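> Sharing a structure below in structure tokens format, with a few things to ask.
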Amino acid sequence: MADWIVVVDDDTANLKMAGHILSKNNMRVTALKSGEGLLEFIQDNKPDLILLDIMMPGMDGFTTLQKLREQENDEEKIPVIFLTADENEESESKGLALGAMDFIKKPFVAEVLVLRVRHIIDLVRLQRNLTTEVERKTKENESLSLHVVQTLAEAIDAKDTYTNGHSGRVALYSKEIARRAGYDKEHLSDIYMMGLLHDVGKIGVPDAVINKPARLSDDEFELIKNHPVMGARILKKIKEMPKLATGARWHHERYDGSGYPDSLAGEDIPEEARIIAVADAYDAMTSRRSYRDVLPQEKVREEIEKGKGTQFDPKFAEIMLSMIDEDEEYTMREE
């Protein structure tokens, strides 16, 4: 069945353009000219995604989204992408705060429009499929499918233009740190799964924020900082692995208590999260970013050393340093 997109814009030319591009790419399109029309339409219809113009006469896009969210259930929220010709940062911050998942600039670039729409639909669908899979596995009294988890992790990584396989590498590094720390086979499997899903909360952070090459606004940074809480909220439903949410919620805590979201310190931070924190920081430094290439191995080692006792648990930082020293060819990094 074709993905169903509702496009809301008071400009007929924009409606026709979006309709032409999306229809050509095998999507079902419904065109509406006002926020009031959308709210009435949604009462009896459930599209996969809404493209919503911000600047419209009568009810603007912000008010429309606010009223839409008021009449939806939390588990049935339709993803919304704002359409805008406005580069105003304040408008983007307001839209993100209201729950928009992304922004698309007008006039449309066909390839960008199609990719953004498909990407958001795929991400939301994966999140819903994860919940369905968990419920199915619970009834069968089986563990969560590793394949489903890996697929979700890959979808999360795909949101970031500048990293490739981040979640998988963090999972592997975390598992190796844990192995050297004396974890048994069962616990190694658990921490691998935690590592794969440590960034699951980013599924709710707009691509425009994750991939912004410039400095983030305060509102945008708050969105990024909220991903551990959002991730824990998603994962706590998985009753077969009650500790699965641990890595997601606390991997940005710091050993000295200056991290987030709960400002935990020392051994108050769950041990698995302390391990993942070292692995996550290591991979961040050994992966490409929009503003830099992979850092030299000596610089990475220096930063891990400097973080002992402040950012990182000294025990696990020391294990990471041993792994770095053994990696003489510097192969432990993004390819």
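> Out of the DSSP beta bridges found with both residues in the chain, what percent are antiparallel (nearest 5)?
Roughly 5 percent of the beta bridges in the chain run antiparallel, per DSSP.
> Here is the link list: Lys225/Lys315; Lys175/Lys315; Lys94/Lys237; Lys46/Lys77. Which ones come out longer than 20 Å on Cα distance?
Lys225/Lys315; Lys94/Lys237
> Exposure proxy check: Asp268, Asp9 ranked by fewest other beta carbons within 10 Å?
With the sparsest Cβ surroundings first, the list reads Asp268, Asp9.
> With everything on Cα atoms, drop me the angle between helix 110-140 and the longest principal axis of the chain, reported from 0 to 90° to the nearest 10.
60
> If you don't mind, another one. Considering the values (i) 67, 44, 43; (ii) 59, 46, 41; (iii) 63, 47, 35, which represents Cα extents along the principal axes in Å as calculated for the structure under consideration?
(iii)
> So, one more: Among the aspartates and glutamates, select those whose C-alpha is under 13 Å from the C-alpha of Lys308, and discard any that sit fewer than 8 residues away in the same chain.
Of all the aspartates and glutamates, those that pass the test against Lys308 - Cα under 13 Å, at least 8 places apart if same chain - are Asp256, Glu318.
> Report the label-to-label distance for Glu70 and Ala2 in nanometres (one decimal), using points 7 Å from each Cα along the Cα→Cβ vector.
3.4
> Over what distance in Å are the Cα centres of region 32-79 and region 180-211 separated?
Taking the Cα centre of each part, region 32-79 and region 180-211 sit 33 Å apart.
> In degrees from 0 to 90, rounded to the nearest 10, what is the angle of the helix 146-158 Cα long axis to the longest principal axis of the chain?
The angle comes out near 70 degrees.
> Further question: Under a crude label model (7 Å from the Cα following the beta-carbon direction), how far is Lys315 from Glu40 in nanometres?
Inter-label distance under the simple model: 6.5 nm.
> Moving to a separate point now. By counting other Cβ atoms within 10 Å of each Cβ, how are Thr30, Thr286, Thr310 ranked from fewest to most?
The order, fewest Cβ neighbours first, is Thr310, Thr30, Thr286.
> Angle, helix 185-196 long axis vs. longest principal axis of the chain, Cα atoms, 0 to 90°, nearest 10?
40
> How large is the charge dipole for the chain, taken about the Cα centre, if only the Cβ atoms of Lys, Arg (+1) and Asp, Glu (-1) carry charge, to the nearest 20 debye?
Dipole about the Cα centre, nearest 20: 620 debye.
> Looking at region 71-132, which trypsin sites (Lys or Arg not before Pro) are in a loop (DSSP not H, G, I, E or B) and have at most 14 other Cβ atoms within 10 Å?
When the trypsin sites (Lys or Arg not before Pro) of region 71-132 are filtered for loop state and at most 14 Cβ neighbours within 10 Å, Lys77 remain.
> Just rank Leu188, Leu295, Leu65, fewest to most, by other beta-carbon atoms within 10 angstrom.
The order, fewest Cβ neighbours first, is Leu188, Leu295, Leu65.
Every number here is computed from the coordinates shown, using simple stated rules; none is lab data. Note that the structure is predicted; figures quoted are calculated from it, not measured. With ideal geometry, Cβ positions are generated from the backbone for all residues, glycine too; neighbour counts draw on all protein chains shown.
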